[in-house]
Amino acid sequence: MYFVYVLQSLKDKKLYTGTSNDLKKRLERHNKGLVKATKFRRPFKLVYYEASLNLKDAYKREVYLKSAWGKRYIKGRLKNYFGGHS
């Protein structure tokens, strides 16, 4: 199983999208500062994820979610979350 995930930095409120086959371990690595791309934006909160059976499908979805349309999708999908509701 492969996961496409979206994290929100609690420091700058910006989103980070990635792919992993171990979501829990990957979140821990982000929060421990072991991921170069997010090291200075810690801590992170997992706000969204999707599961896929195929790595190529997961990577394609990651690329989409990083695009302008994908970012709009995430903002729409998490409308209540970004509107201030938990």
### Query
Which value, in nm² and rounded to one decimal, describes the direction-averaged projected area of the C-alpha convex hull of the range 2-82?
5.0 nm²
### Task
Could you name the lysines whose alpha carbon sits less than 16 Å from that of K25, not counting residues in the same chain fewer than 8 places away?
K36, K39, K45
### Message
Just to confirm a number: summing +1 for Lys and Arg and -1 for Asp and Glu over residues other than Y48 whose beta-carbon lies under 11 angstrom from that of Y48, what do you get?
### Response
+2
### Summary
Over the chain, the sum of -39500 (n - 2.57) across DSSP H runs of at least four, divided by residue number and rounded to 500 deg cm²/dmol, gives at 222 nm -11500 deg cm²/dmol
### Query
Ordered by packing density, taken as the mean number of other Cβ atoms within 10 Å over each peptide's residues, highest first, how do 2-10, 33-41 rank?
2-10, 33-41
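Read the figures in this text as sums done on the coordinates, not as results from a lab. Computed from a prediction, not measured in an experiment: that's the story for all the values here. A quick note on method: Cβ atoms are made from the backbone with ideal geometry, for glycine too, and the neighbour counts reach across all protein chains shown.
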